[in-house]
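Chemist: Quick one: the structure is below, and I'll ask about it shortly.
Laboratory data are not the source of any read-out in this text; all were calculated from the coordinates shown. These numbers were taken from a predicted model, which means no experiment stands behind them. Every residue, glycine among them, receives a Cβ derived from its backbone with ideal geometry; neighbour counts consider all protein chains shown.
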Amino acid sequence: MLPEVAVRDTPGDKGKYLTTLYLSETVTPTGDTATVVAGGQNVRYRKVRLEDGKEGWVRTDFIAIDVIPAVFIAKTAINKRPDLSAVTGKEFFPLDIVAMGQPKNGWVEVKGIAQNDKWFTTGYVRQDNLTFERLDISFAAIYHRAGAATDQKKRDDLFGLLSTTTEFQSSRFYAEVFGADVGEEEFEGDGEDPLINQPWAVVRFNSSFEDEFQDIEFEAHEVVYVNDRDGNQKFAGSFNGTSSYLKAERLPDFPQGSFTFWMNPSDQAAERTILGCGNNCTSGYSLLLDKDSKLVVLCGGVTTDVTHSNYTVRAGEWIFVALVKDENDFSLYVNGELSSNGTSGHNEMTDASSFTLGAGTGCDDSDVGDFYAGLIDDLTIYRKPLSADEVKEKFSGN
């Protein structure tokens with residue numbers, strides 16, 4: 001159900017890695033199940049047998065049992081029930097892979113992650129908007145794997161495989177992704193990355209501190225699950241202001257990119273760093289909440305702020321924040337509206353490429369400090385600078 005899922009020799013993230021299970025692959029449950037406590041929450045695992053005979057453990061919520069794989073060929077409304085009147089306002093899009101049950105009267109229940117969505121959605125759709133052709137399913141699966149790859153060469157190799165393999169050129173999705181006459185030379189650098197508008201990474205707090213798409217492993221320090229802004233139990237992260245943070249060691253340096261998330265601070269008494277990218281003494285950049293409860297962007301080696309939000313953040317208030325980086329230009333949005341912008345060339349992550357959430361990095365990459373106090377939910381990272389309209393749309397959609 002995800003682009004890539006680790007298969008381990010024992011249940012839990014600490015089990016020895018055996019192999020990777022890819023989206024749309026077929027597995028057979030052995031009947032063995034287990035529950036592991038992670039981050040204060042019970043996480044269920046299931047032992048499966050792969051097509052080559054290997055056996056191992058995977059998270060139960062990352063696979064689907066006794067279902068039919070399918071791919072959407074058109075934008076499709078998601079309904080609560082098999083009735084045209086039971087609309088939800090949500091949609092699936094072409095190339096979205098879902099697991100479906102048995103069709104009935106032209107309707108079918110499906111489960112999958114829609115493009116630009118954060119987690120699995122379950123609902124009813126019209127069967128005629130789906131294809132069950134194995135070639136189309138394989139094309140869509142590799143397409144999503146390419147989008148999930150952290151290594152640029154791996155991305156290029158997977159897209160190159162799709163664009164040059166004769167069999168894949170017969171897929172109904174080939175022309176949509178690459179154009180009718182696309183060739184290998186055109187693919188290797190000409191035109192827009194077909195996945196540039198999708199999230200590069202989504203970090204949530206409902207089951208673990210691992211990113212859903214990139215499988216980024218965070219070093220978690222005293223961050224606990226709490227209720228999110230909608231009251232869902234254990235769906236947000238709580239940071240204590242003295243020692244809580246998440247850290248990833250090798251986040252790529254995106255010259256252009258965007259971070260969106262929800263935050264709810266618990267105090268306004270001190271300067272707090274919300275997120276940091278790279279070494280913030282000589283390179284990199286960070287977003288912090290200053291003593292005046294204003295959002296500020298700082299870049300490495302610069303003592304003055306790059307851009308200073310005019311929005312006063314209040315303790316106990318959920319707000320939607322977007323930090324947009326376009327080369328040397330930074331823009332801050334609060335609740336879908338532009339709050340401030342500024343420019344600085346001291347932002348490349350040349351000395352280190354670590355990423356922290358809930359704290360900042362000092363001159364030594366191993367140091368963290370200025371801990372954030374409060375809640376954070378649904379951090380999404382994009383490899384493009386979001387436009388003002390896109391930020392507003394994502395605020396409205398959350």
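Chemist: Given H placed on each backbone N at 1.01 Å, which residues far from residue 307 in sequence or on other chains put an amide H within less than 5 Å of it?
Modeler: HN-HN under 5 Å from residue 307: 297.
Chemist: Determine the relative contact order of region 1-75: mean sequence separation of Cα pairs under 8 Å and six or more apart, normalised by residue count, in whole percent.
Modeler: Result for region 1-75 is 29 percent.
Chemist: Counting pairs on different chains as well as pairs 8 or more places apart, how many Lys pairs in region 41-183 have Cα atoms under 18 Å apart?
Modeler: Going through region 41-183 pair by pair, I get 8.
Chemist: Using θ = phi - 60° and the Karplus relation 6.51 cos²θ - 1.76 cosθ + 1.60, list the HN-Hα couplings for region 157-165 in order, rounded to whole Hz, with x at every Gly or Pro.
Modeler: Whole-Hz 3J(HN,Hα) from phi for region 157-165: 5, 5, 5, x, 4, 5, 7, 10, 6.
Chemist: What number comes out for the charge environment of residue 87, summing +1 per Lys or Arg and -1 per Asp or Glu over other residues with Cβ under 15 Å away?
Modeler: Within the 15 Å Cβ shell, the charges total +3.
Chemist: Within 10 Å, Cβ to Cβ, of residue 44, how many net charges do the neighbouring residues add up to if Lys/Arg are +1 and Asp/Glu are -1?
Modeler: Combined, the nearby Lys, Arg, Asp and Glu give +1.
Chemist: Sticking with this structure for a sec: I need 166, 312 ordered by Cβ neighbour count within 10 Å, fewest first.
Modeler: Ranking 166, 312 by Cβ neighbours within 10 Å, fewest first, gives 166, 312.
Chemist: How far apart, in nm, are the 7 Å Cα→Cβ label points at residue 61 and residue 387?
Modeler: Distance between label points: 3.5 nm.
Chemist: Give me a comma-separated list of calculated 3J(HN,Hα) values for region 328-344, in order, Karplus coefficients 6.51, -1.76, 1.60 applied at θ = phi - 60°, integers in Hz, x for any Gly or Pro.
Modeler: For region 328-344, the Karplus curve yields 9, 9, 10, 10, 10, 10, 10, 6, x, 10, 5, 9, 5, 8, x, 9, 7 Hz.
Chemist: Here's something else I'd like to know. Please give, to one decimal in nm, the separation of the simple spin-label points placed at residue 222 and residue 14, each 7 Å out from Cα toward the Cβ.
Modeler: 2.1
Chemist: What is the local net charge at residue 66, summed over the other residues whose Cβ is closer than 13 Å to its Cβ (Lys, Arg +1; Asp, Glu -1)?
Modeler: Here the charged neighbours net out to +1.
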